[in-house]
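The structure under discussion appears below in the form of structure tokens.
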């Protein structure tokens, strides 16, 4: 429930997997009520592809794809939960129509507001009525969470009432913390390039979380949102594993525990204090995080500070600093004068066409 709240706060589509009758639908509705948000429940199994792709309508000699009323209600509200229930019983044609709905929140010719969050629920195929394995493209658009029932919590809830999942309030600038997570992902993929994209070969595994560029970015967003909201380690781990799958997720989380990296914003505020880690993967992660932090807010002062960090690192590890140098060269702010520290990377940047 904690992980679910963080995913909704971060506006990441989330899919709850659990046995029938375990309270998934009730929890989603209670969450929406607690937030004061509207909740539109759409049972995918009894819908047609046109219910998501839009119904073709001729208007003024042109064909447009009219959205259903539930989509129009969410659009007029400006926020809300779109709850796709029984998604694992939707036939392949309906799953294909859901691709744009989940990723882009596009229903026909209507695009839902950014504050409309997609939440889905599913029973495992062996427990669902006429269940299907989720298609790999659709599964890759969700963070997958296992919905389990704790007997003690159920006993307390049925006697005294169940708690609704809480959605943490993220500050408006929470995304400024993303560079550290992206630097970690960048460094990890450099060490384990085979995990950049690893599509499972069996249908059951492909219907859950698996690593791809899309889900790695999703994992970085969720890791950051969980960290900013002070979520528990268990919730943060569940979110990362839910995005990129068990194998890649466990390996990534274990690798993070060994990093102990400096905050890139603190490094940029005092470039002279930065000490390059001895381990190659830690050094790569630290410099990637600094470069990503500058790219997220490329002011002249931050850009120059980033070059000072890279110049110091380039003396001891030029190959590692070179990758971050490319990022800085690409995000040069307008009117910024190239600092003297850029000279040691001049040959590399000229060869890449960035100087």
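Hey, does segment 198-207 have a residue that's crowded, with 23+ Cβ neighbours inside 10 Å, touching a helix residue (DSSP H, G or I) at 6+ places or on another chain (Cβ under 8 Å) and under 19 Å from residue 15 (Cα atoms)?
For segment 198-207, residues crowded, with 23+ Cβ neighbours inside 10 Å, touching a helix residue (DSSP H, G or I) at 6+ places or on another chain (Cβ under 8 Å) and under 19 Å from residue 15 (Cα atoms): present.
Restricting attention to segment 125-135, does a residue exist that is assigned by TED's automatic domain parsing to the domain that holds residue 38, touching a strand residue (DSSP E or B) at 6+ places or on another chain (Cβ under 9 Å), over 30 Å from residue 78 (Cα atoms) and modelled with pLDDT under 90?
So far as segment 125-135 goes, yes, one or more of its residues are assigned by TED's automatic domain parsing to the domain that holds residue 38, touching a strand residue (DSSP E or B) at 6+ places or on another chain (Cβ under 9 Å), over 30 Å from residue 78 (Cα atoms) and modelled with pLDDT under 90.
Which one is modelled with the highest pLDDT among residues in segment 8-21 that are in contact with a helix residue (DSSP H, G or I) (Cβ under 9 Å, 6 or more places away or on another chain) and surrounded by fewer than 20 Cβ atoms within 10 Å (Cβ to Cβ)?
11
Look at residue 49 and say whether it is surrounded by 15 or more Cβ atoms within 10 Å (Cβ to Cβ) and out of contact with any strand residue (DSSP E or B) (no Cβ under 9 Å at 6 or more places or on another chain).
The answer is yes for residue 49.
Would you say residue 310 is touching a helix residue (DSSP H, G or I) at 6+ places or on another chain (Cβ under 7 Å), buried (at least 24 other Cβ atoms within 10 Å of the Cβ) and assigned by TED's automatic domain parsing to the domain that holds residue 176?
Considered against the rule, which asks whether it is touching a helix residue (DSSP H, G or I) at 6+ places or on another chain (Cβ under 7 Å), buried (at least 24 other Cβ atoms within 10 Å of the Cβ) and assigned by TED's automatic domain parsing to the domain that holds residue 176, residue 310 comes out as no.
For segment 106-124, name all the residues that are touching a strand residue (DSSP E or B) at 6+ places or on another chain (Cβ under 6 Å) and in a loop (DSSP other than H, G, I, E, B).
Listed by number, the residues that qualify are 108, 109.
Residue 249 - would you say it is more than 29 Å from residue 81 (Cβ to Cβ), buried (at least 22 other Cβ atoms within 10 Å of the Cβ), out of contact with any strand residue (DSSP E or B) (no Cβ under 9 Å at 6 or more places or on another chain) and assigned by TED's automatic domain parsing to the domain that holds residue 144?
no
Do you know which residues across segment 74-96 are at pLDDT 90 or above, outside any strand (DSSP E or B) and buried (at least 20 other Cβ atoms within 10 Å of the Cβ)?
Passing the criteria: 74, 87, 94, 95.
Tell me the residue from 241, 185 that is under 28 Å from residue 296 (Cα atoms), at pLDDT below 95 and buried (at least 19 other Cβ atoms within 10 Å of the Cβ), please.
Matching residue, one of 241, 185: 185.
Each row is one residue, and each column tells you yes or no for (1) in contact with a strand residue (DSSP E or B) (Cβ under 6 Å, 6 or more places away or on another chain); (2) modelled with pLDDT of 90 or more; (3) part of a helix (DSSP H, G or I).
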| position | (1), (2), (3) |
| --- | --- |
| 159 | no, no, yes |
| 172 | no, no, no |
| 177 | no, no, yes |
| 199 | no, yes, no |
| 209 | yes, yes, no |
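Residues that are modelled with pLDDT under 85, surrounded by fewer than 18 Cβ atoms within 10 Å (Cβ to Cβ) and within 13 Å of residue 187 (Cβ to Cβ): does segment 318-332 have at least one?
Yes, the conditions are met somewhere in segment 318-332.
The values are calculated or read from the model by the stated rules, or taken from the named source; none is laboratory data. In this text the structure is predicted, and so the values were computed from the model without any measurement. Glycine also receives a Cβ, built like all others from the backbone with ideal geometry; neighbour counts cover every protein chain displayed.
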